[in-house]
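Where a number appears in this text, it was derived from the coordinates with a stated rule and is not lab data. Just so we're clear, the structure is a prediction, and the values are computed from it rather than from any experiment. A quick note on method: Cβ atoms are made from the backbone with ideal geometry, for glycine too, and the neighbour counts reach across all protein chains shown.
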Amino acid sequence: MTTVSTEELAAIAHRHRGFREAGAALLLSSAVLAIFFFIPLAPEKAKPAPAALASTTPAVFVAPPIEAKAAIVYDLTDGKTLYAKNAGAQLPLASLTKLLTVYAAVSELPLAATVTVSASDTAVDMPHAFAPGATYELQNIARLTLTASLNDGAAAIADTVAAAESRSTSEALAGAAAALDLSQTYALNGNGLDLSTTQSGGYGSAFDIARLAGALVAKAPSIALATTRQTASASAENGASITVKNTDPMTPNFPGLLLSKTGFTDLAGGNLALVFDAGIEHPVAVVVLGSSKDARFTDGAALVAAAETYFAHATP
């Protein structure tokens, strides 16, 4: 029997431990390789697509070039000014003064009230169309007066409302302006004719007239709507009928028009007030002051077109 020394036993044990450790390492490496080659990698999570950004850019009113000294596009529904050019400047109104005259009358008198045209009323400058002593219901003479910008009709209406209030014409019209808080507006006569080469019959701002026009549309829509037709007709209380032509030749070009009123004198230049419906019961006023006799219409048309474009792109 061969005798093995203690040193030889230790060496053999050491070799066995090495074999075991090497085998364990080999097994571990094999397991790792098996995992790498045979277990599919989990797919990378797809990054979420960026959310679409909601458009928050507000509609922008793109102002066209105009000749007028002052102008405004005013949203009567929201009480918002969409465009302004010297909109607070006090300027001669010419026949836009008639809007104030008719508003004063319909605020004080019933639409069926009688208005009598006096001889002094018919002595005013053209345009005029009534005979002295003729009587009309307020709503009828107002429709004719605003549509054809009749100076005798405006004088008769102003006389009637002043008499009803026991005040002068200028006081009666001042009361109507104050009721609407038209701080830049006053009138010395009912038709807006120049009193001299330096003094107009009425003054106001584009901002004031926009609000006045809107107030008249709201208070007397049938009178306002007559101004959007090419002609207006009415009968006097004696049955005599009269037909007048609109002073605004552009009315057929404005769909949704609710009111149109022209004005022109030497002092004022060309004025125009329009109210149109930008949507369902969404009136918008466009006022042009201090343009020329012809450019007031192109100025007004350009501003209406710009307003329509604005509302077409506005967020509902």
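Ordered by packing density, taken as the mean number of other Cβ atoms within 10 Å over each peptide's residues, highest first, how do 272-279, 119-126, 155-162 rank?
155-162, 272-279, 119-126
I want the local charge near ALA178. Using Cβ-Cβ distances under 15 Å, sum +1 for each Lys or Arg and -1 for each Asp or Glu among the other residues.
Working: positive: ARG167, ARG211; negative: GLU108, GLU165, GLU171, ASP181, ASP208.
Around ALA178, the charge tally is -3.
For SER241, what charge total do you get from the other residues with a beta carbon under 14 Å from its beta carbon, if Lys and Arg give +1 and Asp and Glu give -1? Spell out each step's value before the answer.
Numbers: positive: ARG143; negative: GLU137, GLU237.
Overall, the nearby charge balance is -1.
Give me the log10 of I(q) over I(0) for segment 63-159 at q = 0.14, 0.21, 0.22, 0.24 Å⁻¹, as the Debye formula computes it from C-alpha points; what are the numbers?
-0.64, -0.98, -1.02, -1.14
Can you give me the C-alpha center-to-center distance between segment 291-309 and segment 103-121, rounded to a whole angstrom?
Cα centres, segment 291-309 to segment 103-121: 32 Å.
Do you know the relative contact order of segment 234-316, to the nearest whole percent, from alpha carbon pairs under 8 angstrom that are 6+ apart?
Averaging sequence separation for qualifying contacts and normalising by length gives 19 percent for segment 234-316.
What net charge is computed for the residues neighbouring VAL106, neighbours being all others with C-beta under 13 Å from the C-beta of VAL106, Lys and Arg scored +1, Asp and Glu -1?
It works out to a net charge of +1.
Tell me, in nm to one decimal, what length is gained between THR77 and SER107 on full extension, where the rule is 0.36 nm per residue of separation less the Cα-Cα distance?
Using 0.36 nm per residue and subtracting the Cα-Cα distance, I get 8.7 nm.
Take peptides 218-227, 67-76 and line them up by average Cβ neighbours within 10 Å, highest first, as a rough protection proxy.
Numbers: 218-227: 19.6, 67-76: 22.9.
Result, highest mean Cβ count within 10 Å first: 67-76, 218-227.
By average Cβ neighbour count within 10 Å, what is the ranking of 307-314, 146-153, 80-87 from highest down?
Details: 307-314: 15.6, 146-153: 28.0, 80-87: 17.4.
In decreasing order of mean packing, 307-314, 146-153, 80-87 become 146-153, 80-87, 307-314.
Report the calculated FRET efficiency for ALA305 and THR198 (r = Cβ-Cβ distance, R0 = 30 Å), to the nearest 0.05.
That pair, ALA305 with THR198, gives E of 0.25.
Which entries in LYS80/LYS245; LYS261/LYS293; LYS80/LYS219; LYS98/LYS245 show an alpha-carbon gap greater than 22 Å?
LYS80/LYS245
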